Amino acid sequence: MVLLILSTGNLCSGQTWLWAKKSGGFPNEESRCVVNDPSGNVIITGSFRTPILSVGATNLINRSTTGTSDALVIKYNQNGAILWATSLGGTANDAGRSVATDAAGNIYVTGYYRSSALKFANDSIPNTSNTFADMFVAKLSPAGAFLWVRHLNGTVNEFGNGIATNAAGISYVTGYYSSDTLIVNNDTLLNHAPGALDILLVKIDSQGNFIWGRTYGGPGSDQGQSVVNLTGERFGLTAYYNSDTLMMGNNTLLNLAPGFDDFITAVYDSSGTLQWTKTFGSVSDDRAYGIGADNFGNLLLAGRYGSPTLQFDTITLQNFNPNFTADFFAVKMNANNGHCAWARSLGDSLDEIGEGICADLNGKIYAIGRFSSNRLSIGNRSFNNYVNLGTSDIFLTAFDSTGTSLWSVTAGKSANDYGMSVATMNNRIYITGYFRDTSITFGNFNLINGGAGNQDIFTAALGPPSPLPVELIQFNGYKKDTHSILLNWSTASELNNDHFILEKSSNGTAFEIISIIPGKNNSNFFSEYNFIDENAIEQTLFYRLSQVDLDGSIKTYDPIFIENNNKRFGPFLLSSTTQEGKLMIHYQTPIQEFASINVMDHSGRNCLSMQENFNSTSNQISIDLNHLDNGIYLLSFSTPYTYRIFKIIKV
């Protein structure tokens, strides 16, 4: 029997994390939506409370001194380099909730503002309802210049939740409002129960002129959530309502459990005429949050349901725990008539919630959300919540066009982390959300929170592995004398390599930059680098190397550890043993680290799971694979400081 061990990087059914970026300070930031423009650039919108938010070379200044939020828009290129960032805000809470683009790359954002005036660049628009919220819609150029900002101002609240923009720059915006009346061009919208929340739907042209408005509601809380463009100058809407009945055109929709939420899906033509609508729900809160569309005439929904069952035509989803905890659902339906092609659910003992959904050109579907259960089974794989304490971790899952599970990934640690939106273009998947952990890891990319208990934004890209811009051969450190350590690394080749960042830490968590070393830009030859740390006085030191491309993309490698006895700890070694069918893992670390080890077959089925503690004296374990058939397997090894996946070939 022979075991061949091949390093694969961070693979997941042909997918790997390509980059991850964070934005945050103190106290809280949120990202709600991500979208691609026609060039593949990545745009997010959300909000920030920190007084000064540094985004690349741009400092966004919060316009309030009392800790309230401003809306933000950030644009990255497809490789994660920050192109620009801008903000809108005032003295109260203001936030971006959804973003879209047109064929020219112009950007459209909707959200709300409670400030007495919403300021942007050198301009502003007023809020005539004082402390209540007004909905705003803004158009920005591809370079981030504000072209116009418009608002709807009633006497109470108006919120923008979702926006869809077609190639010509025509936008459809949904949200909700509680004003008695609302004027939208020639349409006077009457609230069905003044003071309650009604669904709001408006059309706005590329110059910022409101064309028409529609409203639906009852005596309860009814909210528009998301919209999506469809072929044939149509668009789709999803919303939820807890009113007893909801009038939509000539349709009277009945809530099966008044006081709890049901949700609707509807399709309209460009004039705002309702083509069809359907309602879904049962005896608890059931909501769709995200809506998408594929290129084959289908609508996609993602959300959550707390009812024991949820019916889509002849398909019944069964709640894993019908004690009013929430399960995730994803649905594909015909955009012409609402007929359901398939529906899938994920759940366990606590809450699983879907937030966003989209499809690529081939009809593959990607959904994002969060799960709080101790364990989540997706397809033939299971994922553990990091701490099993009811906090939420992020999940991203993929389906083929028939609803078959393809692959899934998760991220998160001990606090609540939220996956909010997903977009896809050119075989890449982009996600955004926010995290409360002190750090969060996407493959080799570790994002550090701006402060304990804070909430920071993340944006990350997943896709097929690409050739490494820098082929790192080795990274080592050796003690020279009492107070100095020689650090040495070498590369076999370099592509677009601007520089290296060398960092040091005494505890393996808080790293500080000690040097920036220029790279060779482009080289096909062996290159060697050296640096002497002449202030190495601690008993144990951690050194970490990062490589920065010319476009700003960053690759961070696993840290190395060095002790005063000149012992250098390598981050990881995996080897076969002389005893047939066994692997030996050597993981040397001067601190105690908890490791999760999983072995999966080629289909993603989990064949073996282990959890081990490693420290300076206990640094190796043996894994018996004799019970496995011959074939190809993936071994994943994860600790707070490293994440590795290896391909194992058993023959």
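The values are calculated or read from the model by the stated rules, or taken from the named source; none is laboratory data. Since the model is a prediction, treat every value here as computed from it, not as a measurement. In this analysis, Cβ positions are derived from the backbone assuming ideal geometry, glycine residues included, and neighbour counts consider all displayed protein chains. All accessible areas refer to the heavy atoms of the entire protein, side chains included, with ligands and DNA or RNA removed. Shrake-Rupley method; radii C 1.70, N 1.55, O 1.52, S 1.80 Å.
Counting the residues of region 363-400 that are among the acidic types (Asp, Glu), over 19 Å from residue 437 (Cα atoms) and open to solvent by less than 10 Å² (accessible area, probe 1.4 Å) gives 0.
Let's see how each residue does on (1) at pLDDT below 75; (2) in a loop (DSSP other than H, G, I, E, B):
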| residue | (1), (2) |
| --- | --- |
| 566 | yes, yes |
| 574 | yes, no |
| 578 | yes, yes |
| 607 | no, no |
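Conditions (1) touching a Cys at 6+ places or on another chain (Cβ under 9 Å); (2) polar (S, T, N, Q); (3) at pLDDT 95 or above, marked per residue:
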| residue | (1), (2), (3) |
| --- | --- |
| 250 | no, yes, no |
| 253 | no, no, no |
| 264 | no, no, yes |
| 282 | no, yes, no |
| 287 | no, no, yes |
| 293 | yes, no, yes |
| 323 | no, yes, no |
| 328 | no, no, yes |
| 332 | yes, no, yes |
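Note on region 99-113: among residues that are touching a Ser or Thr at 6+ places or on another chain (Cβ under 6 Å), assigned to a strand (DSSP E or B) and not β-branched (Val, Ile, Thr), the one that is nearest to residue 421 (Cα to Cα) is 100.
The number of residues in region 243-296 that are under 27 Å from residue 420 (Cα atoms), in contact with an Asp or Glu (Cβ under 6 Å, 6 or more places away or on another chain), in a loop (DSSP other than H, G, I, E, B) and of a type in the set (Ser, Thr, Tyr) comes to 1.
Looking only at residues in region 104-135 that are hydrophobic (A, V, I, L, M, F, W, C) and within 24 Å of the chain's Cα centre (by Cα), which one is nearest to residue 147 (Cα to Cα)? My answer is 107.
Against the numbered list (1) open to solvent by 50 Å² or more (accessible area, probe 1.4 Å); (2) on the phi < 0 side of the Ramachandran plot, residue 329 comes up short only at (1).
Just so you know, in region 207-231 the residues that are open to solvent by less than 30 Å² (accessible area, probe 1.4 Å) and in a loop (DSSP other than H, G, I, E, B) include one that is modelled with the highest pLDDT, and it is 208. One residue stands out in region 613-651 among those that are basic (Lys, Arg) and either open to solvent by 40 Å² or more (accessible area, probe 1.4 Å) or assigned to a loop (DSSP other than H, G, I, E, B) (or both): the one that is modelled with the highest pLDDT, namely 647. Check whether at least one residue in region 346-353 is open to solvent by 40 Å² or more (accessible area, probe 1.4 Å), modelled with pLDDT of 95 or more and part of a strand (DSSP E or B), and report yes or no. Looking for residues that are open to solvent by 40 Å² or more (accessible area, probe 1.4 Å), modelled with pLDDT of 95 or more and part of a strand (DSSP E or B), one finds none in region 346-353, hence no. Residues that are farther than 29 Å from residue 426 by Cα, open to solvent by less than 30 Å² (accessible area, probe 1.4 Å), hydroxyl-bearing (Ser, Thr, Tyr) and in a strand (DSSP E or B): does region 491-508 have at least one? Yes - at least one qualifying residue is present in region 491-508. So, residue 367, is that one at pLDDT 95 or above and more than 16 Å from residue 264 (Cα to Cα) or not? When the stated conditions are applied, residue 367 passes them. Among the residues of region 524-555, those identified as surrounded by fewer than 16 Cβ atoms within 10 Å (Cβ to Cβ) and in a strand (DSSP E or B) are 528, 530, 532. When region 401-415 is filtered for residues that are open to solvent by 40 Å² or more (accessible area, probe 1.4 Å) and without any contact (Cβ under 8 Å) to a residue 60 or more places away in the chain, the ones remaining, listed by number, are 404, 410, 414. Restricting attention to region 114-162, the residues that are among the hydrophobic types (A, V, I, L, M, F, W, C), surrounded by fewer than 23 Cβ atoms within 10 Å (Cβ to Cβ) and assigned to a loop (DSSP other than H, G, I, E, B) total 5.
Take the conditions (1) open to solvent by 20 Å² or more (accessible area, probe 1.4 Å); (2) closer than 25 Å to residue 181 by Cβ; residue 65 misses just one of them, which is (2).
Please verify whether region 49-66 includes one or more residues that are hydroxyl-bearing (Ser, Thr, Tyr) and within 21 Å of residue 357 (Cβ to Cβ). Within region 49-66, none of the residues are hydroxyl-bearing (Ser, Thr, Tyr) and within 21 Å of residue 357 (Cβ to Cβ).
Residues in region 396-419 that are touching an Asp or Glu at 6+ places or on another chain (Cβ under 8 Å) and closer than 23 Å to residue 377 by Cβ: 401, 406, 410, 411, 412, 413, 414, 417, 418, 419.
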